[in-house]
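Taking it in order: structure first as structure tokens, then the write-up.
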Amino acid sequence: MATKTKKVDDDSYIVSFYGNGHTSEQKVWNYWIHRCAELTLEKGYTLFTLEQSDDYAVLMPPKGYELIDFKMLQEAEEAKLSREVQYYTVNITTYSSNAIVHMYKTPLATDVDAMQLLDAQYIIDQLTSL
């Protein structure tokens, strides 16, 4: 699992979290939203919004098992024969989440949509109690 954070400006960051083949979609989302909230508090803010995108959650579905044929050449240069070997590949499903996190302090500016705000400390408290 890996988290990446990239600064956009003083109050906006791109936060990405990438799971591995053992990390469920829900766990990736929980770690990701926790990191968004944690970063908000670290930067001295209390509230944040997430910029919407179709790329927030990425699912790479498994294709199952695929039989691959290849020929292993013998090491000796004079050997012109080859032997066939078969092996299986396995596709692994991994999940990731990412968004631009916009951070806010109170009192809020009049142009901020209060219906979209997430309370960073509340999110951390809820996820810690799981």
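The values are calculated or read from the model by the stated rules, or taken from the named source; none is laboratory data. A quick note: this is a predicted structure, and the numbers were derived from the prediction, not measured. Here the Cβ is made from the backbone with ideal geometry for all residues, glycine too, and neighbour counts use every protein chain on show. When the accessible area is computed, the model is the full protein with side chains, heavy atoms only, and any ligands, DNA or RNA have been set aside. Shrake-Rupley method; radii C 1.70, N 1.55, O 1.52, S 1.80 Å.
Here LEU50, LEU67, LEU39 are screened, and the one residue that is more than 15 Å from the chain's Cα centre (by Cα), modelled with pLDDT of 60 or more and not in a loop (DSSP other than H, G, I, E, B) is LEU39.
Contact map, region 6-25: residues that are under 20 Å from LEU50 (Cα atoms) paired with residues that are open to solvent by 90 Å² or more (accessible area, probe 1.4 Å) and assigned to a loop (DSSP other than H, G, I, E, B), Cβ distance under 7 Å, separation 6+ or inter-chain. Pairs shown: TYR18/MET1; GLY19/MET1.
Looking at region 18-28, is at least one residue assigned to a strand (DSSP E or B) and modelled with pLDDT of 90 or more? Within region 18-28 (the criterion being assigned to a strand (DSSP E or B) and modelled with pLDDT of 90 or more), the answer is no, since none of the residues qualifies.
Scanning region 94-117 for residues that are open to solvent by 60 Å² or more (accessible area, probe 1.4 Å), in contact with a Ser or Thr (Cβ under 7 Å, 6 or more places away or on another chain) and not in a helix (DSSP H, G or I) yields LYS105, THR106. Among the residues of region 14-51, those that are farther than 20 Å from ASP111 by Cβ, among the hydroxyl-bearing types (Ser, Thr, Tyr) and open to solvent by less than 20 Å² (accessible area, probe 1.4 Å) comprise SER16, THR23. If you go through region 26-45 one residue at a time, how many are of a type in the set (Val, Ile, Thr) and without any contact (Cβ under 8 Å) to a residue 40 or more places away in the chain? Result for region 26-45: 0.
When TYR88 is tested against (1) surrounded by 10 or more Cβ atoms within 10 Å (Cβ to Cβ); (2) aromatic (Phe, Trp, Tyr); (3) at pLDDT 65 or above, only condition (1) is not met.
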